[in-house]
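Undergrad: Sharing a structure, written as structure tokens. Questions coming.
The values are calculated or read from the model by the stated rules, or taken from the named source; none is laboratory data. Everything numeric in this text was worked out from a predicted model, so none of it was measured. Cβ: placed from backbone, ideal geometry, glycine included. Neighbour counts: every protein chain shown. Ligands, DNA and RNA are excluded from the accessible area calculation, which covers all protein heavy atoms including side chains. Shrake-Rupley method; radii C 1.70, N 1.55, O 1.52, S 1.80 Å.
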Amino acid sequence: MSDQILKAHAFRALHAAGAPLVLFNCWDAGSAKAIAAGGARAIATASWAVAAANGYADGEQLPRDLAIANIGRIARAVALPVTADLERGYGATPDEVADTVAQAIRAGAVGCNLEDGIEAGGLRPAADQALRLQAAREAANRLDIPLFINARTDGFLLAAPDTHGDALLDAALDRARLYAAHGADGLFVPGLVDAALIERLVRASPLPVNLMAAAGTPPPATLRALGVARLSHGPGPYLQAMRALEEAARGAAA
């Protein structure tokens, strides 16, 4: 069994309800090595941070070739499983998404995020997104890698916090069921911070639930009690590092 397959199985096993896998997201090989040295159990990229570190805006403005090459450098730099934020999959069609996923796997990734938000705003029709997830799964199967596909749904992220309620929760669950049937392994719901809604989502979701740390996110002990399986930090670590660098530079120039 190859090292990459072993890492893929190990990464999948880290997703346990009530014992969240904490991902302090990186943006390059250097930050990945620092995070690994800090005791991380896995390494995850954050598309916003990767783009910013290379002088681009988020939203697939970073060329795909640069994104894939970055994944490869990270995977070579650390011994931990690596999961890659592939945004919308860098493709207009399911076949193009499949090609992106295959390239990420060949670069060393054992997991990926694929989001259902679209460039123009709003969400991609659920049935269309399901076909893109299915294409990603088929690409991984062809390469014999049990890729962990984290299906990100952006309903809560795009909606004003005062609208977070039953309608958004039901819509997220409908997508979770459809995405699970088309090859997804996890459900990523950035923007969701309400403990009562998180609890209901975790109980009803067919997939382990991933949240993003943000202002208002319940503390770790609460997330464990609610059954959350994964907590990502998104662009937070990059922003924190850049603030520290700015302060250090200001001090050096004083």
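Undergrad: For the stretch 205-218, check the following and say yes or no: at least one residue is at pLDDT 95 or above, part of a helix (DSSP H, G or I), open to solvent by 10 Å² or more (accessible area, probe 1.4 Å) and not β-branched (V, I, T).
TA: No, the stretch 205-218 has no match at all.
Undergrad: Considering only residues that are within 14 Å of A16 (Cα to Cα) and under 14 Å from the mean Cα position of the chain (by Cα), which ones fall in the stretch 208-240?
TA: P208, V209, N210, L211, A229, R230, L231
Undergrad: Please state which of the following conditions E246 fails to meet, knowing it meets all the rest: (1) open to solvent by less than 20 Å² (accessible area, probe 1.4 Å); (2) within 25 Å of A36 (Cβ to Cβ); (3) of a type in the set (D, E).
TA: (1)
Undergrad: Among the numbered criteria (1) at positive phi; (2) within 16 Å of the chain's Cα centre (by Cα), which one does A151 miss?
TA: If we test A151 against (1) at positive phi; (2) within 16 Å of the chain's Cα centre (by Cα), just (1) comes out false.
Undergrad: Out of all the residues in the stretch 221-235, is one or more in contact with a Gly (Cβ under 6 Å, 6 or more places away or on another chain) and part of a loop (DSSP other than H, G, I, E, B)? Let's see the steps before the verdict.
TA: Quick first cut of the stretch 221-235, residues in contact with a Gly (Cβ under 6 Å, 6 or more places away or on another chain) only: 224, 227.
From the residues that got through so far, the ones that are part of a loop (DSSP other than H, G, I, E, B) too are 227.
Looking for residues that are in contact with a Gly (Cβ under 6 Å, 6 or more places away or on another chain) and part of a loop (DSSP other than H, G, I, E, B), one finds at least one in the stretch 221-235, hence yes.
Undergrad: Restricted to the stretch 108-148, and to residues that are among the hydrophobic types (A, V, I, L, M, F, W, C) and open to solvent by 20 Å² or more (accessible area, probe 1.4 Å), which residue is nearest to G183 (Cα to Cα)?
TA: Kept after step one, since they are among the hydrophobic types (A, V, I, L, M, F, W, C), are these residues of the stretch 108-148: 109-110, 112, 114, 118, 120, 123, 126-127, 130-131, 133, 135-136, 139-140, 143, 145, 147-148.
Retained after the next criterion (residues that are open to solvent by 20 Å² or more (accessible area, probe 1.4 Å)): 118, 120, 123, 126-127, 131, 143.
Details: I118: 20, A120: 26, L123: 19, A126: 14, A127: 13, L131: 9, L143: 15 Å.
Restricting to residues being among the hydrophobic types (A, V, I, L, M, F, W, C) and open to solvent by 20 Å² or more (accessible area, probe 1.4 Å), the top hit is L131.
Undergrad: Which residues, taken from the stretch 116-150, are under 21 Å from A8 (Cβ atoms) and touching a strand residue (DSSP E or B) at 6+ places or on another chain (Cβ under 7 Å)?
TA: Start the filter on the stretch 116-150 by keeping residues that are under 21 Å from A8 (Cβ atoms), which leaves 132-150.
R132, L133, A136, R137, L147, F148, I149, N150, listed by residue number.
Undergrad: From the list S31, S47, which one is over 25 Å from A98 (Cβ atoms), surrounded by 13 or more Cβ atoms within 10 Å (Cβ to Cβ) and touching a residue at least 40 places away in the same chain (Cβ under 8 Å)?
TA: Details: S47 fails: over 25 Å from A98 (Cβ atoms).
On inspection, the qualifying residue turns out to be S31.
Undergrad: Tally the residues that are under 18 Å from H233 (Cβ atoms) and in contact (Cβ under 8 Å) with a residue 60 or more places away in the chain, restricting the search to the stretch 83-114.
TA: Total meeting the criteria: 4.
Undergrad: Only one residue in R64, R76 is surrounded by 17 or more Cβ atoms within 10 Å (Cβ to Cβ), over 29 Å from G227 (Cβ atoms) and among the basic types (K, R). Which one? Working first, answer last.
TA: Details: R76 fails: surrounded by 17 or more Cβ atoms within 10 Å (Cβ to Cβ).
None of the others qualify; the one that does is R64.
Undergrad: Out of the residues in the stretch 149-198 that are part of a loop (DSSP other than H, G, I, E, B) and in contact with a Lys or Arg (Cβ under 9 Å, 6 or more places away or on another chain), state the one that is most open to solvent (accessible area, probe 1.4 Å).
TA: Step by step, filter the stretch 149-198, then rank; the result is H182.
Undergrad: Which numbered condition in (1) hydroxyl-bearing (S, T, Y); (2) open to solvent by less than 10 Å² (accessible area, probe 1.4 Å); (3) over 21 Å from L14 (Cβ atoms) is the only one that Y90 fails?
TA: Answer for Y90: the failing condition is (2).
Undergrad: Check the stretch 234-244 and report whether any residue there is of a type outside the set (V, I, T), under 17 Å from N150 (Cα atoms) and free of Cβ contacts under 8 Å to residues at least 24 places away in the same chain. Let's see the steps before the verdict.
TA: If we filter the stretch 234-244 for residues that are of a type outside the set (V, I, T), which is where we start, we get 234-244.
The next check asks that each one be under 17 Å from N150 (Cα atoms); those that pass are 234.
Retained after the next criterion (residues that are free of Cβ contacts under 8 Å to residues at least 24 places away in the same chain): none.
For the stretch 234-244, residues of a type outside the set (V, I, T), under 17 Å from N150 (Cα atoms) and free of Cβ contacts under 8 Å to residues at least 24 places away in the same chain: absent.
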